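Shown next, in structure tokens, is the structure this report addresses.
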Amino acid sequence: MPTFAQFFQSIIVVGKFSEFRLPLKNIPEGVQEIEYHLGKQFFVNMESADIHDADLDVRLTVTHKHDIYNLVFRVAGTVTLICDRCLDDLIQPIEADYEIAVKYGDDYSETDDMLVIPESDNWLNVSYMIFDTASLAIPAKHVHPLGKCNRAMSALLRKHRATKSDDEDSELTERLMEEMDSMESAPIDDEPEAPSTDSRWDALKKIATSSSQEE
């Protein structure tokens, strides 16, 4: 992962995050609050592969005292991921805080709790800090609660695992089917209708068709 200083230089050129420029030198001593909203485009600009959509509110509290700017980020809302088990959209609630102090110095430097920026910089772009805060709040495993996966997709994956367990697709299939057996005892909602135009379905149907032809 790039350091903040490296990313900071890149966004100066790209210019996609101008709304997140914080005018530090114009902030008086005391406490200021700033609010942002993150949607899909923010994560597209960040080239995030995992987050496909978002509805996140960000509150930034800036406390300026004795040449130190203490920044506290609070991120809350939902992001849309892809379920690792059934490949359907997964709406994941997240909530996270992040705090860092900023001060002026000779050049860029960074520790866990302090960021130093050059005196020549009149503003600070906080987009990377917000992105990192949101991303780290997402669980490593992206799965629906038990019983909430798309069961038609799950059944197709199960069939493929049973018929092709020893071929080159087995590793991918086993990963997607991890913990699927425990779903049998989970409560089931109304059976979801399989989306006919989803490319993920087309790929899995192709696998199932190939499996049946070889039986």
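The values are calculated or read from the model by the stated rules, or taken from the named source; none is laboratory data. Computed from a predicted model, the values in this text were never measured in an experiment. Because the Cβ atoms are built from the backbone with ideal geometry, glycine has one as well, and the counts that use them run over all protein chains shown. The protein model used for the area step is the full one, side chains on, heavy atoms only, and it has no ligands, DNA or RNA in it. Shrake-Rupley method; radii C 1.70, N 1.55, O 1.52, S 1.80 Å.
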Considering segment 95-113, residues that are over 26 Å from the mean Cα position of the chain (by Cα) and under 19 Å from THR63 (Cα atoms), and then whichever is least open to solvent (accessible area, probe 1.4 Å), we arrive at GLY105
Only one of ALA54, ALA101, ALA76 is assigned to a strand (DSSP E or B), without any contact (Cβ under 8 Å) to a residue 60 or more places away in the chain and within 22 Å of GLU19 (Cβ to Cβ), namely ALA76
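One line per residue, one yes/no per condition, for (1) under 18 Å from the mean Cα position of the chain (by Cα); (2) surrounded by fewer than 14 Cβ atoms within 10 Å (Cβ to Cβ); (3) farther than 18 Å from MET129 by Cα:
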site: ASN45; (1), (2), (3): yes, no, no
site: ILE51; (1), (2), (3): yes, no, no
site: THR61; (1), (2), (3): no, no, no
site: LEU71; (1), (2), (3): no, no, no
site: ALA76; (1), (2), (3): yes, no, no
site: VAL79; (1), (2), (3): yes, no, no
site: CYS86; (1), (2), (3): no, no, yes
Flagged in segment 136-158 as part of a loop (DSSP other than H, G, I, E, B), at pLDDT below 85 and open to solvent by 20 Å² or more (accessible area, probe 1.4 Å), in numbering order, are PRO145, LEU146, LYS148
Out of (1) in contact with a helix residue (DSSP H, G or I) (Cβ under 7 Å, 6 or more places away or on another chain); (2) surrounded by 15 or more Cβ atoms within 10 Å (Cβ to Cβ), the one VAL116 does not meet is (1)
